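Participant: Would you mind keeping the following structure in view while I ask a few things?
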Amino acid sequence: MMRPHLLLMTIALTAMTAGAAENAAIRDEMGRDYYLYEPSRIDARKTYWLVVGVHGYGGNGKGAAGLAGWVRNGDCIVVGPSFPNDGYQLLQKQADEQLVRLFESLQKQFKLRPKLFVYGFSGGSQFAHRFMMKYPELVAGCSAHSGGTWATGDQWMSINPKAAAIPFVMSCGEADTAKSNPAAPFGRYEWARVFEKQIAEAGFCYEAKYWPKVGHATAPGVSTMTEDCYRLATVVQPAIEAAIDDARKRHAEGNTASARTVIAKARSLLPKPTTELSRRFADQWNKVLTTIESDVGTAAKPVQ
């Protein structure tokens, strides 16, 4: 049976859950609109994730690309920026700066994690994955689907190896073969395949799916992929990173046995390889933990 919080996320991804409060547009410091969605009660003791839902071409931030209902889970604040529709897909018209400045502004208003999770379909997908490539230090995870263009080089931007460790999911309908614009070198489906080949060769922590008989539409499986990516990026990965920091600290204090125990605990957090994303994620962190385990093989000398 699907866990309650994942069920809520599944419902929210396709449409706002019934009864969710709809906020009016807010003007940011660049004079552009955004829509903000908060949990019904902000807990001052908690640190929240910022989830960004990026609209498609011709749209705006209202509903945050269907993610507004995620605030019901109680662990995130959701924002839907309204980007200039003539170029935001390629981070033009300062669209990337718009999100960076909005993130900085919201960090002053709320107690937020230092990284955000970004989702987009179609035009939103184009922005989302390029933002991850340009600002890997700001992105915890990314879910991008049915993009009309992908960062495969030249004027389309290129993949950034520094983003390889970020949990990332992508998909496209196999019948979504049209070009998004006359200048596009490929149709959507073909271009997604080209992009996947590049990130696979670069060792990205990703999963790609292609939906049979689906055109330019959000397939039902997109919600499951996004849920998995969000969980690994915002729950599992931070826990593993915290365990590694703890192990290093114990090792530095000369507590090698204790450090090894913490590493073993971190391994127990790794997901079962039930999806390509979870398999790549587990492989990636197993390698890191093996290196840390090797580093703490000899007890640090006590401080004199």
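The values are calculated or read from the model by the stated rules, or taken from the named source; none is laboratory data. Computed from a predicted structure; not experimentally measured. Neighbour counts run over all protein chains shown; Cβ positions are idealised from the backbone, glycine included.
Participant: Give me the pairs, please: first residue somewhere in the range 49-61 and over 26 Å from Q109 (Cα atoms), second residue anywhere and surrounded by fewer than 23 Cβ atoms within 10 Å (Cβ to Cβ), beta-carbon distance under 7 Å, and either six or more positions apart or on two chains.
Facilitator: Y57/N85; G58/N85
Participant: Can you name the residue in the range 266-282 that is out of contact with any helix residue (DSSP H, G or I) (no Cβ under 8 Å at 6 or more places or on another chain) and under 21 Å from T224 (Cα atoms) and is also surrounded by the fewest Cβ atoms within 10 Å (Cβ to Cβ) among such residues?
Facilitator: T274
Participant: Restricting to the range 99-125, give me the number of residues that are among the basic types (K, R) and either without any contact (Cβ under 8 Å) to a residue 24 or more places away in the chain or assigned to a helix (DSSP H, G or I) (or both). Please lay out each step first, then the result.
Facilitator: We begin by selecting, within the range 99-125, every residue among the basic types (K, R); these are 101, 108, 111, 113, 115.
Adding the requirement that they be either without any contact (Cβ under 8 Å) to a residue 24 or more places away in the chain or assigned to a helix (DSSP H, G or I) (or both) leaves 101, 108.
So the count comes out to 2.
Participant: Considering only residues that are touching a strand residue (DSSP E or B) at 6+ places or on another chain (Cβ under 8 Å) and assigned to a loop (DSSP other than H, G, I, E, B), look in the range 43-72 and name the one that is surrounded by the fewest Cβ atoms within 10 Å (Cβ to Cβ).
Facilitator: This residue is T47.
Participant: Please go through (1) touching a residue at least 60 places away in the same chain (Cβ under 8 Å); (2) among the aromatic types (F, W, Y); (3) farther than 25 Å from Y37 by Cα for F168 and return the number of the only condition it doesn't satisfy.
Facilitator: (3)
Participant: Please state which of the following conditions E227 fails to meet, knowing it meets all the rest: (1) at pLDDT 95 or above; (2) in contact with a helix residue (DSSP H, G or I) (Cβ under 9 Å, 6 or more places away or on another chain); (3) not small (G, A, S).
Facilitator: Unmet condition: (1).
Participant: What number of residues within the range 175-206 satisfy the criterion of being surrounded by fewer than 18 Cβ atoms within 10 Å (Cβ to Cβ) and under 25 Å from P273 (Cβ atoms)?
Facilitator: Total meeting the criteria: 7.
Participant: Only one residue in K213, K209 is on the phi > 0 side of the Ramachandran plot, of a type outside the set (S, T, N, Q) and either in the same structural domain as H129 (by TED's automatic domain parsing) or buried (at least 18 other Cβ atoms within 10 Å of the Cβ) (or both), so which one is that?
Facilitator: None of the other options fit; the residue is K213.
Participant: Can you tell me which residue among E227, E201 is at negative phi, under 21 Å from the mean Cα position of the chain (by Cα) and in the same structural domain as T149 (by TED's automatic domain parsing)?
Facilitator: Working: E227 fails: in the same structural domain as T149 (by TED's automatic domain parsing).
On inspection, the qualifying residue turns out to be E201.
Participant: I would also like to ask the following. Quick test for you: out of A128, A144, A140, A151, pick the one residue that is under 17 Å from F204 (Cα atoms) and either β-branched (V, I, T) or assigned to a loop (DSSP other than H, G, I, E, B) (or both). Write out each step before concluding.
Facilitator: Values: A128 fails: either β-branched (V, I, T) or assigned to a loop (DSSP other than H, G, I, E, B) (or both); A144 fails: either β-branched (V, I, T) or assigned to a loop (DSSP other than H, G, I, E, B) (or both); A140 fails: either β-branched (V, I, T) or assigned to a loop (DSSP other than H, G, I, E, B) (or both).
Selected residue: A151, the only one of A128, A144, A140, A151 that is under 17 Å from F204 (Cα atoms) and either β-branched (V, I, T) or assigned to a loop (DSSP other than H, G, I, E, B) (or both).
Participant: In addition: Go through the range 175-195 and give me each residue that's assigned to a loop (DSSP other than H, G, I, E, B), of a type outside the set (F, W, Y) and either under 23 Å from the mean Cα position of the chain (by Cα) or closer than 25 Å to D154 by Cα (or both).
Facilitator: Here is the first cut: in the range 175-195, the ones assigned to a loop (DSSP other than H, G, I, E, B) are 175-187.
If we keep only those that are of a type outside the set (F, W, Y) as well, we get 175-185, 187.
Listed by number, the residues that qualify are D176, T177, A178, K179, S180, N181, P182, A183, A184, P185, G187.
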